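Report on the following structure.
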Amino acid sequence: MKTVILTAFQPFGSDTVNPTEKLLERVPDFLYDTKIIKVTLPVVYGHAFERLLPLIEQHKPVLILELGLAKGRSHINIERVAINVNDSIAKDNLGNIKYEDRIEPSGPDGIFTNLPLKVLREKAVNQHLPVQISNTAGAYVCNNLFYKTLHHVKTFNMDTKVGFIHIPATPEMVSAQPNVPSMSINVMTDALMTVLDVVLNPINTLDLAQKVPKGKKAL
């Protein structure tokens, strides 16, 4: 049976919850002919990937889809690229602060996702979902995990798709901050399931429809 690894993060900073964990609970354990392996990762540079790596080696997934919280963003963002640097004034959950710190000394400056971004964008538009393609995953732990995962898959020539999705805060998280954008967990769930559907079941029924030449009737 094929497998997918779906990751969330623990709470970090001043927040006591992380909605990515709630999203894991809403995804079924099986989708089509695929088993969904769910794991919550620590918000610590390097440690997140160390926790993920044994699962990659054990399950050899067809897809690794990583979720992260981007408080302040108004849309669900599918990330296009991970960059080879840790650089943020924010502490991770062990108190580490990284400045101009290269993730992989001999790795490329950036690695692009291999998700079908054009198809995902079109699907989101057609379904009126608040999804955008983002050109920056930041330089915090989210980007660190995204880069390390892409680098591993590329280094070992794995036939695995890798993507990262940043989600906004939920309304409950920002009830005392009316100027901070938020989104319901239901809308986030719809968007996440759409991404999984596109990647795991990439058949577009419209493409299967027979085109009938002008002047002729369909049988």
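The values are calculated or read from the model by the stated rules, or taken from the named source; none is laboratory data. Here the structure is a predicted model, which is why all the values come from computation and not from measurement. Every residue, glycine among them, receives a Cβ derived from its backbone with ideal geometry; neighbour counts consider all protein chains shown.
For the reader, a short list of remarks on this structure follows.
- The stretch 85-117, residues that are surrounded by 13 or more Cβ atoms within 10 Å (Cβ to Cβ) and either β-branched (Val, Ile, Thr) or in a strand (DSSP E or B) (or both): Val85, Asn86, Asp87, Ser88, Ile97, Lys98, Asp101, Ile103, Gly110, Ile111, Phe112, Thr113
- Only listed residue being assigned to a loop (DSSP other than H, G, I, E, B) and of a type in the set (A, V, I, L, M, F, W, C), chosen from Val4, Val39, Val43: Val43
- Residue that is nearest to Leu24 (Cα to Cα), among those in the stretch 165-199 that are among the polar types (S, T, N, Q) and surrounded by fewer than 16 Cβ atoms within 10 Å (Cβ to Cβ): Thr189
- Residue in the stretch 46-67 that is outside any strand (DSSP E or B), polar (S, T, N, Q) and farther than 20 Å from His152 by Cα present: no
- Residue that is surrounded by the fewest Cβ atoms within 10 Å (Cβ to Cβ), among those in the stretch 118-136 that are over 18 Å from Met188 (Cα atoms) and under 15 Å from the mean Cα position of the chain (by Cα): Asn135
- Verdict on Glu79 being modelled with pLDDT of 95 or more, in contact with a strand residue (DSSP E or B) (Cβ under 7 Å, 6 or more places away or on another chain) and closer than 12 Å to His166 by Cα: yes
- Cβ-Cβ under 6 Å pairs, at least 6 apart or on other chains, the stretch 46-58 side touching a residue at least 12 places away in the same chain (Cβ under 8 Å), far side of a type in the set (Lys, Arg) and in a helix (DSSP H, G or I): Phe49/Lys148
- Options Glu21, Glu25; residue that is surrounded by 16 or more Cβ atoms within 10 Å (Cβ to Cβ) and more than 24 Å from Ile103 (Cβ to Cβ): Glu21
- Look at the stretch 106-128: where a residue is free of Cβ contacts under 8 Å to residues at least 60 places away in the same chain and a partner is among the aromatic types (Phe, Trp, Tyr) and part of a strand (DSSP E or B), sitting 6+ places away or on another chain with Cβ atoms under 8 Å, you get Thr113/Phe164.
- The selection criterion, being more than 19 Å from Val131 (Cβ to Cβ), buried (at least 19 other Cβ atoms within 10 Å of the Cβ) and either aliphatic (A, V, I, L, M) or modelled with pLDDT of 95 or more (or both), does not hold for Ile37.
- Residue satisfying all of: in the stretch 137-164; in contact (Cβ under 8 Å) with a residue 40 or more places away in the chain and in a loop (DSSP other than H, G, I, E, B); surrounded by the fewest Cβ atoms within 10 Å (Cβ to Cβ) among these: Asp159
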